[in-house]
Structure formats: C-alpha cells, structure tokens
1. Let me confirm something: among 69, 140, which residue is within 16 Å of ligand 1 (Cβ to nearest atom) and buried (at least 16 other Cβ atoms within 10 Å of the Cβ)?
2. More than 19 Å from the chain's Cα centre (by Cα), at pLDDT 95 or above and surrounded by 14 or more Cβ atoms within 10 Å (Cβ to Cβ): which single residue out of 121, 132, 127 fits that description?
3. For the subset of segment 72-84 comprising residues that are in a helix (DSSP H, G or I) and free of Cβ contacts under 8 Å to residues at least 60 places away in the same chain, which member is surrounded by the most Cβ atoms within 10 Å (Cβ to Cβ)?
4. Any residue in segment 133-144 that's over 12 Å from residue 167 (Cα atoms): show its pairings with residues that are within 10 Å of ligand 2 (Cβ to nearest atom) and at pLDDT below 95 at Cβ separation under 6 Å, as long as the two are six or more apart or on different chains.
5. How about segment 16-35: which of its residues are in contact with a helix residue (DSSP H, G or I) (Cβ under 8 Å, 6 or more places away or on another chain) and either under 16 Å from residue 77 (Cα atoms) or not in a helix (DSSP H, G or I) (or both)?
6. Of everything in segment 146-162 that's under 22 Å from residue 35 (Cβ atoms) and over 13 Å from the mean Cα position of the chain (by Cα), which residue is farthest from ligand 1 (Cβ to nearest atom)?
7. Filter segment 58-71 for residues that are part of a strand (DSSP E or B) and without any contact (Cβ under 8 Å) to a residue 12 or more places away in the chain and give the result.
8. Just one of 196, 161, 150 is in contact with a helix residue (DSSP H, G or I) (Cβ under 9 Å, 6 or more places away or on another chain), modelled with pLDDT of 95 or more, closer than 27 Å to residue 125 by Cβ and crowded, with 17+ Cβ neighbours inside 10 Å; which is it?
Ligand code: PRP
Ligand code: URA
C-alpha cells in the first residue's frame, strides 16, 4: 500500500530541501526533521502490550511498545534519515545496505551489508530508508537482500517517489508498505525524479 504523508510541516520542510539554493547544513537539518515527522506517522499502528506500573500516585495498567524496530538505510543517502528517527526511537537497531546506482545502466550494485540479529525476529518492524525512490531498482534490490536473510514486516520510507518507482516496488514487493513525503511527476532521461530535489547523496554529503 502507498501512503503519501501530506502533512503541512513535512511539505514545508520538503520545499526548503527542494530549492537549489539550499545548502548542505539546511538540507541535512530539514531531512532530520522530516524523518522524525514521518516516523511519527509510520509508527502510529505499532503493536502495544499491557504492563502494570506504579506512578508516584497509584498503581495502573499502562501500555508499552510490543515490537523491535530496525532501521536499514540504503547507503549513502539513506543515512540522512537515520538520526531523525533514532532521536524518536532511541532503542532502534541499525543495519546497513551499500548500494549505488550505475549512472549509465541505472542498475543497483551491492557493496556492503551488515544487519543486527533482531532483523529476523517475529515481532520486528524493519524500516528501509532512502530519500529517493526513482526507478525503484535500489529499494527493490535492498528489500530482496533483507528478505533473503529472513526479514519480514518491512516498511519502505522515502522522501520523494516517482510513479515509475512506486509501481515497480508494488509489483516486486506487494507486501511492503511504501511511505513518501511526496509523489512527484515523472523520471527524466537520466533517471532523476522531476521536479525532485536533485542528487540526494551529493546534497546531504556535499560531494558536488
Ligand atoms: C540514489 C538514491 C537511491 C537511488 C534511487 O542513490 O539515494 O538509493 O539513487 O534510484 P533508483 O530508485 O533508480 O534505484 P545513488 O545510487 O545515487 O547512491 P548514493 O546514495 O551513494 O548517492
Ligand atoms: N537518486 C537521486 O539522488 N535523485 C534522483 O532524482 C534519482 C535518484
């Protein structure tokens, strides 16, 4: 299922990120803030369990989270979403997938993988993170990689998606919910999302 999180704070911050004059510092800061706001929405249906606790005033039946969270950024650009979510969910574990998209073929190439053991537990929610869902090749490959290693309950969290990437993802992994801050218009001939925000990795890390 596709969820486009049309929240005024998310959309406002994304507009700042899209502007070509926005520099690395403001780009990263807004990405951190959007990541936290998206996590707040994505986590609204997480399972809870009853617990009995003592407040300073009385004994009560309360609730606490009944799941593990694993964040799985797709390197490099996915790293930009980790801090904001981790601030909100400090107990989250983090796994890493290194993929880069060949600029000519647009096909993803794997160069790194490291995951926490909790990734495969029954009560774990695995959040795959990448700001951009363009052709969908990187997200599809990343999710194949973690499914092969036993991950279930997977959510894909991206900032900007193209319709082409969304339908490729839905075909390849119909069981995975996709969360976007915006669904853009199309891909250009170089595989960039239009209007998009440019190359997310370069803008986060200042590499161009
Ligand atoms: C970008 C982006 C995604 C991918 C999206 O990464 O962060 O991972 O492209 O494109 P796709 O949906 O067509 O696969 P890139 O390969 O540029 O690597 P980087 O994060 O290291 O910059
Ligand atoms: N990767 C990016 O960083 N930006 C795009 O628009 C497409 C792929």
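1. Values: 69 fails: within 16 Å of ligand 1 (Cβ to nearest atom).
Only one candidate qualifies: 140.
2. Numbers: 132 fails: more than 19 Å from the chain's Cα centre (by Cα); 127 fails: more than 19 Å from the chain's Cα centre (by Cα).
Selected residue: 121, the only one of 121, 132, 127 that is more than 19 Å from the chain's Cα centre (by Cα), at pLDDT 95 or above and surrounded by 14 or more Cβ atoms within 10 Å (Cβ to Cβ).
3. Looking only at segment 72-84, we keep the residues that are in a helix (DSSP H, G or I), and these are 77-84.
Applying the additional criterion that residues be free of Cβ contacts under 8 Å to residues at least 60 places away in the same chain yields 78, 82-84.
Working: 78: 28, 82: 19, 83: 14, 84: 21.
Top of the filtered list is 78.
4. Correct list of pairs: 138/101.
5. Initial filter on segment 16-35 (in contact with a helix residue (DSSP H, G or I) (Cβ under 8 Å, 6 or more places away or on another chain)): 16-17, 22, 24, 26-28, 30-35.
Listed by number, the residues that qualify are 17, 22, 24, 26, 27, 28, 30, 31, 32, 33, 34, 35.
6. Let us first name the residues in segment 146-162 that are under 22 Å from residue 35 (Cβ atoms), namely 146, 151, 153-162.
So of that shortlist, the ones also over 13 Å from the mean Cα position of the chain (by Cα) come out as 146, 151, 153, 162.
Working: 146: 15, 151: 18, 153: 22, 162: 8 Å.
Among those residues, the one meeting the criterion is 153.
7. The first filter runs over segment 58-71 and keeps only residues part of a strand (DSSP E or B), leaving 59-65, 68-71.
Across segment 58-71, the qualifying residues are 59, 60, 61.
8. Details: 196 fails: closer than 27 Å to residue 125 by Cβ; 150 fails: crowded, with 17+ Cβ neighbours inside 10 Å.
Going through 196, 161, 150 in turn, the sole match is 161.
The values are calculated or read from the model by the stated rules, or taken from the named source; none is laboratory data. Model, not experiment: these values are computed from the prediction. Glycine gets a Cβ as well: all are built from the backbone with ideal geometry, and neighbour counts include every protein chain shown.
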